Structure formats: structure tokens, C-alpha cells
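Q: Below you will find the structure I want to go over with you.
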Amino acid sequence: MTMYDEPARVKYPVIEPGRRMLVISDIHANLPYFHGLLEKVGFCGDDVLILDGDFLEKGAESLRTLREVIALCEKGNVIPVMGNCDDWAAIFRENSRWSKNLPHYLRYRKSGLLWDMALELGLNPMDLPDFEDFKTRLAKSYPTEFAFLAALPQAVRAGRYTFAHAAVYPGKPLEAHTVGELLRCDAWYDLGYRFDDWVIVGHYPVMLYCKDIVCANPIIDRDRHIACIDGACVLKDDGQLNCLIIPDIMREEMTFEAYDPFPVRTVLSDQAASERSAYIRWGDSRVQVLRRGEEFSRCRHVRTGYELDILSKYLFTDEEFTDCNDCTDYVLPLKAGDRVGVVETCSRGYFVKHNGVSGWYFGALSEE
């Protein structure tokens, strides 16, 4: 039995009506994005900030992020929720899935909380000593950090809102959920659930719900009372960190802000949208390379047969059949004067973002 089989821990904070709530998920140890977003929304002591899971792993600064989150929570207006990437305290309660998988995970990721802790202890994360000895050293050196992680709730309920990292199931009390039900469910929004009050989740990047057009903005479904807010910070080259803004915990109004660091430029000429496009994405990224080029390669998407040009650096191997980075050939509809964030610059033009949507622009941009 693992912690994922145990009953969920639920927190019911008292939040005064009219107090602004900010909800951020899936920071993934990317402090520059986190700091940039907090500055953009003007986070202050009068706000309540919900961190809806996965503030650790995949990014470059897990230990520093954890310490910063702990410090924020000590101020009393920040409420963390456990994500599936934040469950490291479980190493002290269960052995089987950790002792077997942890060395492989560290060698593959070359980052993360235990990686950072090993480096701080003067250990080589690629060649750790016996797992039990490593745990002993971690417990002795990081009692505050692991106590904080062990106490994280898996759901928060306040006013008309429930916050969980990945999923909530209708008709089932929160305490009747298992930890695993709340922390792990890919594509939960596609299951079609509806709720009387709002459920806010992260976990699954919102652009993975897209078909042919890529958008990193939160999905706010007012009919089903669901908001999905994971903008794929760290996970996608054109991802962003989203913040859901709830002015009043007893009301349904909400907006959002997003942060990414891409330089903003002005479009100088109109451009029509492409009539056809494809979004090649994680989980369905197998392509056949028809003609490999130095900058772009002509490829055929294996599942659909759709042909498109892909930046050659996005191809994972030199083989004819390979997986690739997320990509699209969508041409954005733009007007002169539109402001866009520039993700990639190449000989053909620019891969840009406009209002959260990613695509290509083949005209000129302002020099700023």
C-alpha cells in the first residue's frame, strides 16, 4: 500500500468574502516565472495565494523553491496543495517504489528536490550510496522541509471553490477520495464531469486538450464549473505560468493573468490564418522524417499521415522514425499593431505567441 491508496487530507481555511484569491499551479521549480507572475498580478499581504500542486520537480531549483514556498506559507496568506511532484516525504514511509525507481529517476532528470539535496550534502546524485543511508542523511539534514511536505493537504475547500491538483469526482465527499484520485489523473477535463460549485485543477497542461491550435491559457468552463490552469511552465518551450484571479470566494467571477519571459514585439503587417494546421504533441509525437534539413525537416505524422515542416532541432534522434518536441505549423491570424511574444526566430520568420496562442508569423516585427 502506498500513500496514494490512503484517504485524502482536506483543509478548510476561513477566507473572508471580498478578499482576492490568486491560484497558481505547476510552477515546477521555475522561480523566474513564479516571481514574474507574482509581480505581474501585484501579489500582496491582503491576497490569499493557493499553490495548487507541483511546485517542485522538472525545473532547475526545487530545493530553493521549496524553501521559498515554506517562507511564504509562514506569512499566513499562502495555502499549498500537494501535487504528484511534491510527495517526497513518502520516501520515509514506503520503500518499494522509491528504492527501485529513484536512482533511475535521478539519472534521467538530473534535477529535482533530492538531486538538489544530494548536491548540497556533497554527494554525487548520479552515484548515490545505499538508499537507506541516503534517507537517513536526508532526514537528519532536512527535517523542516520534509515535515512541511508531509503535512500538505491534497485538497482545499473554501467558499464556492475546491482546489485539488489533478481531479475531483462528483457525488463523492472530498475525504472519501484517495490521495491518488486527487493527485493523478491525466485529461480529467475530458471525462465530462459537472459540479454545482467550482473545481480548480492543474496537473495536465491545458494545450494537451487542444486539437490543431495550441493555447496555453486556462480553460474556464462556466457551464461545468471547472477551471484547468496548468500552462505547461517548464514542460513546453512556449508554455506559461497562469494565475487564476478570484475576487470573492463566495462568487463566481474570475479572470486570469499569465507570465512568460518572451520578448514582446509589434507586428508590422497583416497575416491571415492558415486553412489547415496540426499540433504534434506529447503522447502522439511519432513522425517519419521524409527529408532532413539543417534548419527544417519535412516530416509525416505517423498516426494521421499529416505532413509538415518541423525545426530539425525538435527531432529527438537521427533515425527515420522518431519522436519530436511539441510543434505546430499553424499560421496565426494577426493584424499590424498586434503585440506578440517571440519564442523562436528562424530564416522563415518567427514562432510567436499572441493572447496565449502559439503559431507562425512570416512578416516583419518591430525592433525594440
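The values are calculated or read from the model by the stated rules, or taken from the named source; none is laboratory data. Being a predicted model, the structure only gives us computed values, none of them experimental. Every residue, glycine among them, receives a Cβ derived from its backbone with ideal geometry; neighbour counts consider all protein chains shown. All accessible areas refer to the heavy atoms of the entire protein, side chains included, with ligands and DNA or RNA removed. Shrake-Rupley method; radii C 1.70, N 1.55, O 1.52, S 1.80 Å.
Q: Kindly flag which residue pairs out of 135/172; 110/140; 11/58; 135/211 have an alpha-carbon separation exceeding 32 Å in this structure.
A: Working: 135/172 36 Å; 110/140 23 Å; 11/58 27 Å; 135/211 44 Å.
Those over the limit are 135/172; 135/211.
Q: Against the longest alpha carbon principal axis of the chain, how many degrees, from 0 to 90 and to the nearest 10, is the axis of helix 96-109 turned?
A: So the inclination is approximately 40 degrees.
Q: A further question on this structure: What ranking do 71-84, 133-146 get when scored by the average of other Cβ atoms within 10 Å per residue, highest first?
A: Working: 71-84: 18.1, 133-146: 15.1.
By packing density, highest mean first, the sequence is 71-84, 133-146.
Q: Then there's this: For residue 282 and residue 144, calculate 0.36 nm times their separation in residues minus their Cα-Cα distance, and state this gained length in nm to one decimal. Walk me through the intermediate numbers first.
A: Details: separation 138, 0.36 × 138 = 49.68 nm, distance 3.60 nm.
Gain on stretching residue 282 to residue 144: 46.1 nm.
Q: Give me the percent of accessible area attributable to carbon and sulfur for the range 212-283, probe 1.4 angstrom.
A: 50
Q: May I ask for the net charge around residue 212, where only other residues with Cβ less than 10 Å from the Cβ of residue 212 are counted and Lys, Arg are +1 while Asp, Glu are -1?
A: So the environment of residue 212 carries a net charge of +1.
Q: For residue 328, what is the net charge nearby, where nearby means another residue's Cβ is under 10 Å from its Cβ and Lys, Arg count +1, Asp, Glu -1? Display every interim value, and only then the final one.
A: Numbers: positive: 281; negative: 212, 238, 326, 329.
With Lys, Arg at +1 and Asp, Glu at -1, the net is -3.
Q: Using 1/(1 + (r/R0)^6) with R0 = 30 angstrom and r between the beta carbons of residue 273 and residue 193, what's the FRET efficiency to the nearest 0.05? Could the numbers behind the result be given before it?
A: On the way: r = 32 Å, r/R0 = 1.08.
Efficiency, rounded to the nearest 0.05: 0.40.
Q: Please compute the length gained on full extension between residue 362 and residue 318, using 0.36 nm multiplied by the number of residues separating them and subtracting their Cα-Cα distance.
A: Details: separation 44, 0.36 × 44 = 15.84 nm, distance 2.80 nm.
The residue 362-residue 318 span can extend by a further 13.0 nm.
Q: I would also like to ask the following. Given only helices, namely DSSP H runs of n ≥ 4 each adding -39500 (n - 2.57), what is the per-residue ellipticity at 222 nm of the chain, to the nearest 500 deg cm²/dmol? Working shown, then result.
A: Values: 7 runs with 69 residues, N = 368.
Only helices count here, giving -5500 deg cm²/dmol.
Q: Leaving out ligands and nucleic acids, note down the accessible area per residue over the chain with a 1.4 angstrom probe, in whole Å².
A: 45
Q: Evaluate the distance, in nm, between pseudo-label points positioned 7 Å from the Cα of residue 75 and of residue 223 along their respective Cα→Cβ axes.
A: 3.9
Q: Then there's this: For the range 203-334, taking Cα atoms only, what is the radius of gyration to one decimal and the Dmax to the nearest whole Å?
A: 17.4, 57
Q: Within the range 238-366, what percent of beta bridges assigned by DSSP are antiparallel, to the nearest 5? Present the calculation step by step, with values, prior to reporting the outcome.
A: Numbers: 35 of 36 bridges.
Given both bridge residues lie in the range 238-366, the antiparallel proportion sits at roughly 95 percent.
Q: Moving on. How many percent of DSSP beta bridges within the chain run antiparallel, rounded to 5? Let's see the in-between values first.
A: Working: 48 of 66 bridges.
Of all bridge pairs located within the chain, approximately 75 percent are antiparallel.
Q: In addition: Arranged from highest to lowest average of other beta-carbon atoms within 10 Å per residue, in what order do the peptides 195-204, 237-246 appear? Let's see the in-between values first.
A: Working: 195-204: 21.0, 237-246: 23.6.
Listed from highest to lowest mean packing, they are 237-246, 195-204.
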